[in-house]
Amino acid sequence: MEASSSTSHDPALFHAPLLHHPRRRSSRPLKGFAVIIGSVVFLLSLVILIVNQSPEPLASNPSSVTEAGSYSMAAQPRGIAEGVSAKSNPSLFDKVGFNWTNAMFYWQRTAYHFQPQKNWMNGPLYHKGWYHLFYQYNPDSAIWGNITWGHAVSKDLIHWFYLPLAMVPDQWYDINGCWTGSATLLPDGRIVMLYTGSTNDSVQVQNLAYPANLSDPLLLQWLKYPGNPVVVPPTGIEDDEFRDPTTAWLGPDGSWRIAVGTRFNTTIGTALVFQTTNFSDFELLDGVLHAVPGTGMWECVDFYPVAINGSVGLDTTALGPGIKHVLKASLDDTKVDHYAIGTYDMITNKWTPDNPEEDVGIGLKVDYGRYYASKTFFDQSKQRRILYGWVNETDSEADDLEKGWASIQTIPRSVLYDNKTGTHLLQWPVEEVESLRLNATVFKDVVVEAGSVVPLDIGTATQLDILAEFEIETLVLNSTEDEVSDCGDGAVDRSTYGPFGVLVIADDSLSELTPIYFRPLNTSDGSLETYFCADETRSSKAPDVTKRVYGGKIPVLDDENYNMRVLVDHSVVESFGEGGRTVITSRVYPTEAIYGAARLFLFNNASGVNVKATLKIWEMNSAFIRPFPFEETLFQEMVAST
């Protein structure tokens, strides 16, 4: 799918240590339409669930996020009072603003990631040849508020056309916002969309909408069901902690089921299940799909099957031998997406994690970086499951208002079960992104000595697709257990076998840089435990930018080398370790490493080994993202033919 020319280079090594500084310990942050008859049963089931669930508090995660702050009442972020997750960065409220130029702001806008033309950025689907993306959007400002449903379409998930707004908050049941929802494609071809509305009393309810004209490939007009809301908070559930219905799946009794995120007793993250035969009358099922004490409010719940032996995705209703189910929740307390793999019992309507110690909210993350509110859909045209994620800005609201836009979507990712580990999902950029590849440069067997940096001569390094593989040349015999834990305080923390990787969006003097790296660590039993990390701490000289070290543990099997893929697109960097077992999304806002000054380097800050690197690096073209050209005859004919 790529159109590229390859060149091979032999880079010159120069010794420029990544600045070993005095060790410091990392700090870790650690109602109505239908009456619910079974409220008492529901509450009793929750009590039973609490008794039977693990009583342990939220465990410390084997991952690293440094410099995270807590929210104070004096600096409450936007969105909290409205009953949703934080939409601004309170940790920046007391920072002195940087003197950004228009050129710097312009550079920050991505070239091949989807984002609205302006202002602030639900249920994706595929219909009559077009991929549809519905996204939360503020048409009035570059900050959160007045949430409507934006709408865009694409033929290939990469090049997008903006369409008129799909839904606006204009009814009593959604007047305070049309929030997250999910689409379900019914066997007869109908499409139903369930979404959360915030009522005139700020009660979170679930509403039904559907296309006005199914024969329209663009699905331009949407109708709201006149009997909305169709699901209201059950007795015992807080009015403002009940949101984000999932795509529906079909049960063995012929009824459809959806899950909705909530919490119980403020700390127990919970997914409730409702069933329906017509999508307008819903019944709360006994018990819960799953709950985890200590994880707080669950929002944007996702629930879908994966094949344990196969290379294709599965429709949401798939069930049977050889199938596991993924339960994912966005944790409102920590603003992190967690998932776990387990077994779903359709009869008892219970999901059980394979590993309770890696349960939802206390184990694996969908993405270890700046990433939230993710959602998957089944692409029936290519038999694959596609994952979308929202990436907000990490600069200040004042900066977002100045530049006139905020937030992006990640490159869509295919999702598969990792049958080599049996414990992870594999996320990988959809193959269509490779159509943006231009000229390629290859570097083979580049030796990077301990404590050194190697420049890679590829020219401007603002839009890249990087494939890199690393091999540790020699192992240190009788080495002791490393003092550094997980990702450490970043790439400056040296250990015997790492860190090593690439420096992206760096300037020639390395005054600004973003390391993406592996850190293999000695353990007490003599084995190596590896972390995959991204260090934003020196990505920008601007003080009013959140800069953290992100990362998590990553399995590297005996027959594998260390490999990564990194998509660089101006202010966003998406990094995929070991085929997508661990993924990290970063936002970076350099002041100097922009335009022609952006460079790419290899580095090895290990203290005891050399590494050998082989890379293939493509310059990436820009995606075609603009308003749909309704006035152009060519496009009218194209739509009519789909």
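Computed with a 1.4 Å probe over protein heavy atoms only, the accessible area of Arg626 comes to about 70 Å². According to the calculation over all Cα-Cα pairs in region 125-429, the P(r) per 10 Å bin from zero is 6, 28, 38, 23, 4, 0 %. Near Gly451, the amide H atoms lying under 5 Å from its own belong to Asn604, Asn605, Ala606; only residues 5 or more places off or on other chains count, and H is placed 1.01 Å from N.
Shape annotation for region 375-498: C-alpha extents along the principal axes are 52, 44, 35 Å, from largest to smallest. Taking the protein heavy atoms of region 431-620 in the context of the full set of protein chains, the accessible area attributed to carbon and sulfur is 43 percent at 1.4 Å. Taking all protein chains as shown and a probe of 1.4 angstrom, Glu578 keeps an accessible surface of around 10 Å².
Between Glu473 and Asp216, the modelled labels are 6.4 nm apart [label points 7 Å from Cα along Cα→Cβ]. Within region 431-620, all pairs of alpha-carbon atoms sorted by distance into 5 Å bins from zero give the percentages 1, 9, 18, 22, 22, 15, 8, 4, 1, 0.
Judged by the gyration tensor of its Cα atoms, with axes a ≥ b ≥ c, region 200-328 is oblate; a/c meets the 1.5 cut and b/c is at least as large as a/b. Summarising the amide proton neighbourhood of Gly294: residues at separation of 5 or more, or on other chains, whose placed amide H is nearer than 5 Å comprise Ile268, Gly269.
By a 1.4 Å probe calculation restricted to protein chains, His290 has an accessible surface near 10 Å², given to the nearest 10. Across region 345-360, coupling constants 3J(HN,Hα) worked out from phi with the 6.51/-1.76/1.60 Karplus curve, θ = phi - 60°, read 9, 5, 6, 7, 6, 10, 10, 10, x, 4, 10, x, 6, 10, 6, 4 Hz, and Gly and Pro carry x. Based on protein heavy atoms only, region 145-268 ends up with 32 Å² per residue of surface accessible to a 1.4 Å probe. The distance from the alpha carbon centre of region 120-192 to that of region 271-320 is 21 Å, rounded to a whole number. Could you estimate the translational diffusion coefficient of region 313-405 from the Stokes-Einstein equation, with Rh from the Kirkwood formula over C-alpha pairs, at 25 °C and 0.890 mPa s, in whole µm²/s? Roughly 159 µm²/s, to the nearest whole number. Amide H contacts of Glu536: Arg548, Val549, Tyr550, each under 5 Å away and 5 or more positions distant or on a separate chain (H built 1.01 Å from N in the peptide plane; Pro and chain starts excluded). Our note on the geometry: Cα centres of region 327-371 and region 236-258, 17 Å apart. Taking every protein chain into account, the accessible area of region 455-565 amounts to 34 square angstrom per residue (probe 1.4 Å). Distance from the Cα centroid of region 601-626 to that of region 454-476 is 4 Å (rounded to whole angstrom). What the phi angles of region 100-110 give under the Karplus curve with 6.51, -1.76 and 1.60, with θ = phi - 60°, is a coupling list of 5, 9, 4, 5, 5, 4, 4, 5, 5, 5, 6 Hz, glycine and proline written as x. Heavy-atom accessible area with a 1.4 Å probe sorts Asp170, Asp569, largest first, into Asp170, Asp569. The mean sequence separation of alpha-carbon pairs under 8 Å and at least six residues apart, normalised by the residue count of region 431-620, gives a relative contact order of 40 percent. Kirkwood Rh over alpha-carbon pairs of region 529-569, then Stokes-Einstein at 4 °C and 1.567 mPa s: what D in µm² s⁻¹, rounded to an integer? Once the numbers are plugged in, D ends up at 103 µm²/s.
When a 1.4 Å probe is rolled over the protein heavy atoms, the share of accessible surface on region 125-429 that falls to carbon and sulfur comes to 51 percent. Spin-label model, Ser381 to Val442: label points 7 Å out along the Cα-to-beta-carbon direction sit 3.3 nm apart.
In sequence order, region 549-563 has phi-based couplings of 9, 10, x, x, 5, 9, x, 10, 7, 4, 8, 10, 8, 7, 9 Hz under the Karplus curve 6.51 cos²θ - 1.76 cosθ + 1.60, θ = phi - 60°, and Gly or Pro positions carry x.
The values are calculated or read from the model by the stated rules, or taken from the named source; none is laboratory data. Owing to the predicted nature of the structure, the values given are computational and were not obtained by experimental measurement. Cβ coordinates were reconstructed from backbone atoms using ideal geometry, including for glycine residues, and neighbour counts include every protein chain displayed. Surface accessibility is based on the protein's heavy atoms, side chains included, excluding ligands, DNA and RNA. Shrake-Rupley method; radii C 1.70, N 1.55, O 1.52, S 1.80 Å.
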